[in-house]
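Accompanying notes for the structure given below.
The values are calculated or read from the model by the stated rules, or taken from the named source; none is laboratory data. Not measured: the values here are computed from a predicted model. Every residue, glycine as well, gets a Cβ built from its backbone with ideal geometry; the counts of neighbours run over all protein chains shown. These area figures cover heavy atoms from the full protein model, side chains too; ligands, DNA and RNA do not enter into them. Shrake-Rupley method; radii C 1.70, N 1.55, O 1.52, S 1.80 Å.
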Amino acid sequence: MRNTVPGRRRSTATASLAALSALTLSLAACSGGSLSAADAGGDGEGDGLGTVKVGLAIPASGVYQPLGDDMQQGFDLYLDQHDGKLGGADVEVVVADEGEGPDTGVPAVNKLITQDQVGAIVGLVNSATALGVKDAVEQAQIPLLIANAGADQLTDGSDYIWRTSFTNGAVGAALGPAVAEAVDGPVYVMAADYAAGHESAAGFIEAFTAAGGEIAGESYTPFGSTSDWQPYLSQVQSSGASALYVFYAGAEAVNFVTQYDAFGLHDEVPLYGAGFLTEGGVLDAQGDAAVGVHTSLHYSDQIDSPENAEFVAAYRDAYDEAPTVYAVQAYDAAQVLDLAIAEAGSIDSTAIAEALGSVGEIASPRGGWTFDDLHNPSQTYFLREVQDVDGATVNAVQGDLG
Ligand code: PHB
C-alpha cells in the first residue's frame, strides 16, 4: 500500500538519523541552561544536552503495518524540519517492530526499556499491545507518548503516559448524534473483536441511542484473521438495518469496505465508521467502493487551514503522498517531546515526564489542541465523506462534530 507508492522519496531525516545512531550516546541527564519553548527544535542554541534516545514502537508487519509506515514518516518529517533535534538535544531513534498485536508488541517495548534503555517511547498502534505494556512503562518511569492506540483505560493521568491521538470511545461517540439525525431506522454495529473495536462500538452506541437511535444488531469479527465478511454482511441485510456503523483499520478496512461494496449493500445500507476506515493508503486501495462512506475523525488532509496546507505541502514534498492521521499523531508526538525537553532543559526521563504537563497548546495540522486531565488530546472531531474529486477519492470535510 503506502510503501509501494511509486517514486516516493524518503525524508532526508532517515539518512541523518542513521548517521546520528552511529554517535556515542550520552544518556546522562545534563543540567545545562533551561530552554524556552521558543528554542525547541534545535537552532544550535542549547546544544550540550546530549543525545536523547527515543524508542519508536510501530508496526513493521501485520495488518497495521501501513499505519506504522505513516507514523515513521510523520516523526521523521518533524525531526527533518528541526535539524534532527528535540528541545535542543540530539536524537537517536531506535525503531522496534510492534507487529500486529501483544505477542510481538509487548516484547518489542520491553526490549526498548531494558536493552536499548531509551529515554522516551513514542508510538503503539494496537490498544491491546499498549494495555500490555502500560505497567512496565510506568515501573520503568519512562515517558510514553501513545501516538495511536485508543483504549480508553490507557490514560488515567499517570505521570508517564500521555496520548497524542484519541480515545476509541470518543471517535465513535462523535458520530452518534449525526447518524441518529441522518438515518431513519435502526443501525447495525460491526467491529474488530478486540479492545479498540468494542470501545469504538460502545462509544457510538451510547451517543447514538442517547440521541434517539435504535440498534438493529451487533457483530464482532475475529481481529486479524477474518478474511470473509459475507456471513456478517448477510446478518446485516436480514436484520433490516437502515445503516451500518463499523470499526476497522488498516488491511481489515480495505477488505471490509471492498466486500461490503461487492455484496451490494452500498446503496441499500449506508456505511458509517470511525475515520480509520477510509484513511490514507486504505482509501487508495478501496477506490470507488468507499465513495459515500461517512466517518468521524480528528484529521483529514482536506482540512482547510493555513497550518494544514503547509503541513500537507511539506509531507507531499518529502514522500510524494498525502499525510494521514497516523502521520499527524506521530508528528505531534515529536512536537510534544520537543517542547517538553526544551522546558525540562534536560534529557532525563523523569524531567521530561514532569515537563509534559507544561507543554501548553500544540499547534497541529489538525488544529490546536491541549492535553486534558487524563492526558488525552482535547480536540475537534470532523464529519468526513468520501468523495471522488477529479478521479481521486478524498475524505471531504463536511463539518465539525464538536
Ligand atoms: C487501536 O487498537 O486502538 C486502534 C488501531 C488502529 C486504528 C485505531 C485504533 O486505526
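When the chain is described by a simple charge dipole with +1 on each Lys and Arg Cβ and -1 on each Asp and Glu Cβ, the residue from Val106, Pro143, Leu79 located farthest towards its positive end is Val106. A straight line joining the Cα centroids of region 55-119 and region 309-366 runs 14 Å. Think of region 149-260 as a dipole: +1 on every Lys or Arg Cβ, -1 on every Asp or Glu Cβ, centred on the Cα centre; then among Ser238, Ala180, Ala216, Ser238 lies furthest on the positive end. Taking all protein chains together and a 1.4 Å probe, the residues Thr114, Thr129 rank Thr114, Thr129 from largest to smallest accessible area.
Pairs of Cα atoms nearer than 8 Å and 6+ residues apart set the relative contact order; for the chain it is 20 percent.
Round to a whole number: what % of the accessible area of the chain belongs to carbon and sulfur, probe 1.4 Å? For the chain, the apolar C and S fraction of the accessible surface comes to 47 percent.
Full extension of the chain segment joining Ser358 with Thr380 gains 5.8 nm, where the gain is 0.36 nm per residue of separation less the Cα-Cα distance. A probe of 1.4 angstrom, applied to the heavy atoms of all protein chains, finds Arg316 with accessible area near 110 square angstrom. Can you list the lysines whose alpha carbon is less than 23 Å from that of Lys111, not counting same-chain residues fewer than 8 positions off? Cα-Cα hits under 23 Å: Lys53, Lys134. This model, with +1 at the C-beta of Lys and Arg and -1 at the C-beta of Asp and Glu, gives region 67-177 a dipole about its Cα centre of some 280 debye. Of the beta bridges in the chain, as assigned by DSSP with both residues counted there, near 35 percent are antiparallel.
Dipole magnitude for region 360-402: about 60 debye, using +1 per Lys or Arg Cβ and -1 per Asp or Glu Cβ, origin at the Cα centre.
Across region 312-377, the relative contact order, built from alpha-carbon pairs under 8 Å that are at least six residues apart, equals 21 percent. The charge dipole of the chain, taken about its Cα centre with unit charges on the Cβ of Lys, Arg, Asp and Glu (plus for the first two, minus for the last two), comes to roughly 580 debye.
Solvent-accessible area per residue in the chain equals 36 Å², computed with a 1.4 angstrom probe and all protein chains kept.
Region 196-242 and region 160-188 have Cα centres lying 13 Å from one another. Label zone (Gln237, point 7 Å along Cα-to-C-beta; backbone nitrogen cut-off 20 Å) within region 183-202: 186-191.
Computed over the chain, the per-residue total of -39500 (n - 2.57) for DSSP H runs of n ≥ 4 gives a 222 nm mean residue ellipticity of -12000 deg cm²/dmol, rounded to 500. Under conditions of 20 °C and 1.002 mPa s, the chain yields 101 µm² s⁻¹ as its translational diffusion coefficient, taking Rh as the Kirkwood radius over Cα pairs in the Stokes-Einstein equation. Of the residues Ser378, Ser238, the one with the largest accessible area comes first in the ranking Ser238, Ser378, computed with a 1.4 Å probe on protein heavy atoms.
A cut-off of 5 Å between modelled amide H atoms, ignoring neighbours fewer than 5 places along the same chain, links Ala211 with no other residue.
The heavy atoms of His298 present about 0 square angstrom of accessible area, all protein chains included, probe 1.4 Å.
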